[in-house]
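A.B. asks: Here it is, the structure, as structure tokens.
The values are calculated or read from the model by the stated rules, or taken from the named source; none is laboratory data. Predicted model only: the values in this text are computed from it and were never measured. Every residue, glycine among them, receives a Cβ derived from its backbone with ideal geometry; neighbour counts consider all protein chains shown. For accessibility, only protein heavy atoms count, side chains too; no ligands or nucleic acids. Shrake-Rupley method; radii C 1.70, N 1.55, O 1.52, S 1.80 Å.
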Amino acid sequence: MLARVWSTSIVGIDAVKVGVEVDVSAGLPGIVLVGLPDTAVQESRERVKAALKNSGYAFPMRKIVINLTPADLRKEGPSFDLPISVGILAASGQVSAQLLGDYLFLGELSLDGGLRAVAGVLPIAAAAQRLGISGLVVPGDNAREAAVVEGLEVYGFKHLSEVADFLNVPERYLPVQVDGMKELGRSHFTGPDLKDVKGQAHARRALEIAAAGGHNLIFVGPPGSGKTMLARRLPGILPPLTFEEALEVTQIHSVAGLLKDRGSLVSDRPFRSPHHSASGPSLVGGGSFPRPGEISLAHRGVLFMDELTEFKRDVLEFLRQPLEDGYVTISRTRQSVMFPSQFTLVASTNPCPCGYFGDSLQQCTCSPRQREQYWAKLSGPLMDRIDLQVAVNRLKPEEITQQPLGEESTPVRERVQVARDRARTRFKAEPSLGSNAQMQSTHLRQWCQLDDASRNLLEGAIRKLGLSARASDRVLKVARTIADLAGDENLKTNHVAEAIQYRTIDRMQ
């Protein structure tokens, strides 16, 4: 007898519908599994056999052929345990096959028939909705994650016997209900507060501009000047995720298996901080079956790269395309996948190998040649893509002991939200634009027009600092954000002047 069960396979962060065809016929007892299964799927034969027997069901002592379609798509992971088990039960007449065409089944089986959670359930649920599938049957620990997607019936079970009972008597069970907006509203950011930063008004202002416009930022200063402390407070002044953004972020983290609480959305903006020994694939993603890297895990959030000049130059060059395009494409022989990577890059570095070039409290011991080699690790095209380049000086002893605490994150976040709302209103006809940093040349001509005085100021800065066309566009984007924070519709000379000062370390050596 033949039974067909539907499941899915993850490709990138998208789900592809997979058919699990099970044929039980006369012949030598055994299981033949075809359809490009990986090792984990091949091993499911033993898990399924033990789970069926230990759950009280008869394992057919006949020839069982299992075909995973489409045959040219590589199948991986333990999530096919449940659909294979259901297919065997249906093909041997132990459960009803009436509902098999309406639902997707996925889940890992333990040897006693228990269902274990699997990764990537949220993108699978989103794909099921697009494909017109009625619902999902998943492990109980994955149910709330999948139920975030509206218009989809999701049933979560703890044991294989519960799934079999559902197929035979579906009216006994109710789908899991989750209010996605309520789940999003439960979380409140509890990270570091900006009030802990004493002084550093110039750096704090740069943080506010970066948050308001989604601009990339680098802090340059000696050890102990507060570069890392400032960077870690950027998520606290970013506006909260919208529901659509939270779905995007949660899908990526689900595929990567990083959802700590499978019952809710990722409601805080991600903050990723890879070590400077990180490789290129760990940063952009990769592997035989591509998985998202650090830059995709930072999507809609912050990627913090401490001690930027300690990263290998070839690794840093991987950042150029994602910073420009907002996504990264990973190509393999059999497939090519695209991961979203719209993040705000925040970096920090010392001004020289010893760390004290330009410091008023300690003498630099580096030669000009050493400083030149140190900054040569950062290519011009990469620095062009960093909008705000800020020098951070160490506080004086009296400032450390007497300086009052700074402004809290809450009022700064409110100003940032107002500026973002102003930009969003301006981008009403351009829904693909989420922040000023994403504007292209056509948008700059429309929304960043300069008067004669501002144009002369910018032209002088281009000549003096040797700015490229890309860098000059970045200046205009920053000026647009400064104007939004000030509540001005048109760019003024003071907006452009402030934006230019954030490019003054472009040629620092």
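A.B. asks: Name every cysteine in the chain that ends up alone, with no second cysteine's Cβ under 4.7 Å, or say none.
C.D. replies: Cysteines lacking a close Cβ partner in the chain: Cys354, Cys364, Cys448.
A.B. asks: Here is a follow-up. Peptides 44-53, 115-124, 348-357: what's the order by average Cβ count within 10 Å, highest mean first? Walk me through the numbers before you get to the answer.
C.D. replies: Values: 44-53: 19.7, 115-124: 25.3, 348-357: 21.2.
Answer by packing, highest mean first, reads 115-124, 348-357, 44-53.
A.B. asks: Given an 8 Å cut-off on Cα distances and at least 6 residues of separation, report the relative contact order of the stretch 431-485 as a percent. It would help to have the intermediate numbers written out before the result.
C.D. replies: Details: 21 pairs, mean separation 29.4, N = 55.
Relative contact order here is 54 percent.
A.B. asks: Of the listed peptides 235-242, 83-90, what is their order by residue-averaged count of other C-beta atoms within 10 Å, with the highest listed first?
C.D. replies: Numbers: 235-242: 20.0, 83-90: 27.8.
Taking the mean over residues of other Cβ atoms within 10 Å, the ranking is 83-90, 235-242.
A.B. asks: Turning to a different aspect of this structure: Residue by residue through the stretch 57-70, what is 3J(HN,Hα) from phi via Karplus (6.51 cos²θ - 1.76 cosθ + 1.60, θ = phi - 60°)? Round to whole Hz and write x for glycine and proline.
C.D. replies: Rounded to whole hertz, the list is 9, 7, 8, x, 8, 9, 7, 10, 10, 10, 10, 9, 10, x.
A.B. asks: Taking the full set of protein chains and a 1.4 angstrom probe, give the accessible area of Thr493 in square angstrom, rounded to the nearest 10.
C.D. replies: About 50 Å², rounded to the nearest 10.
A.B. asks: Using amide H atoms built in the peptide plane, which far-off residues or other-chain residues are under 5 Å from Met305 H to H?
C.D. replies: Those lying under 5 Å, H to H, from Met305 are Val346, Ala347, Ser348.
A.B. asks: Here's another thing I want to ask about it. Can you list residues whose amide H is under 5 Å from Arg291's amide H, if they're 5+ apart or on another chain and H is modeled 1.01 Å from N?
C.D. replies: For Arg291, whose amide H was placed from the backbone, the distant partners under 5 Å are Gly286.
A.B. asks: Give me the percent relative contact order of the chain, please, defined on Cα pairs under 8 angstrom at least 6 residues apart. Write down the numbers at each step before the final one.
C.D. replies: Working: 1022 pairs, mean separation 67.1, N = 509.
Computed value for the chain: 13 percent relative contact order.
A.B. asks: Report Rg (one decimal) and Dmax (nearest whole number) for the stretch 110-166, counting Cα atoms only, units Å.
C.D. replies: 11.3, 34
A.B. asks: Taking every DSSP beta bridge that has both residues in the chain, what percent is antiparallel when rounded to the nearest 5?
C.D. replies: Numbers: 27 of 56 bridges.
Counting DSSP beta bridges with both partners in the chain, the antiparallel share is about 50 percent.
A.B. asks: Still on this structure, please answer the following. Per the Kirkwood formula on distinct C-alpha pairs, the Rh of the chain is how many angstrom?
C.D. replies: Numbers: mean 1/r = 0.0392 Å⁻¹.
Averaging 1/r across every pair of different Cα atoms and inverting gives 25.5 Å.
A.B. asks: How many Å² of accessible area per residue for the chain, probe 1.4 Å?
C.D. replies: Details: 21900 Å² over 509 residues.
In whole numbers, the chain has 43 Å² accessible per residue.
A.B. asks: With a 1.4 Å probe and all protein chains kept in place, how do Thr39, Thr481 rank by accessible area, largest first?
C.D. replies: Values: Thr39 95, Thr481 0 Å².
The ordering from most to least exposed comes out as Thr39, Thr481.
A.B. asks: Using a Förster distance of 51 angstrom, determine the FRET efficiency expected from the C-beta separation of Asp421 and Asp112, and round it to 0.05.
C.D. replies: On the way: r = 54 Å, r/R0 = 1.05.
Taking R0 as 51 Å, the efficiency between Asp421 and Asp112 is 0.40.
A.B. asks: Turning to a different aspect of this structure: Can you figure out the FRET efficiency of Val16 with Arg470, using R₀ = 41 Å and their beta-carbon distance, to the nearest 0.05? Each step should come with its number before you reach the end.
C.D. replies: Details: r = 37 Å, r/R0 = 0.91.
Efficiency, from the Cβ-Cβ distance: 0.65.
A.B. asks: Using the beta-carbon distance between Glu46 and Asp165 and R0 = 25 Å, what value does 1/(1 + (r/R0)^6) give for FRET efficiency, to the nearest 0.05? If you can, show how the numbers build up before the last one.
C.D. replies: Values: r = 24 Å, r/R0 = 0.98.
According to the calculation, E is roughly 0.55.
A.B. asks: Let me ask something additional. Can you list residues whose amide H is under 5 Å from Gly224's amide H, if they're 5+ apart or on another chain and H is modeled 1.01 Å from N?
C.D. replies: Correct list: empty.
A.B. asks: Sticking with this one: Counting helices only, and only those DSSP H runs with n ≥ 4, report the 222 nm mean residue ellipticity of the chain as the sum of -39,500 (n - 2.57) divided by its residues, in deg cm²/dmol to the nearest 500. Walk me through the numbers before you get to the answer.
C.D. replies: Numbers: 22 runs with 192 residues, N = 509.
It comes out at -10500 deg cm²/dmol, rounded to the nearest 500.
A.B. asks: For Glu408 and Glu307, calculate 0.36 nm times their separation in residues minus their Cα-Cα distance, and state this gained length in nm to one decimal.
C.D. replies: Working: separation 101, 0.36 × 101 = 36.36 nm, distance 2.65 nm.
So the chain would gain 33.7 nm between Glu408 and Glu307.
A.B. asks: Enter the Cα centre distance for the pair the stretch 415-461 and the stretch 278-299, rounded to the nearest angstrom.
C.D. replies: 31
A.B. asks: For Ser225, what accessible area in Å² do you get when you roll a 1.4 Å probe over the heavy atoms of the protein chains, rounding to the nearest 10?
C.D. replies: 10
A.B. asks: If you don't mind, another one. When the Kirkwood radius is taken over all Cα pairs of the stretch 359-509, what Stokes-Einstein diffusion coefficient follows at 10 °C and 1.306 mPa s, in µm²/s?
C.D. replies: After rounding, the answer is 89 µm²/s.
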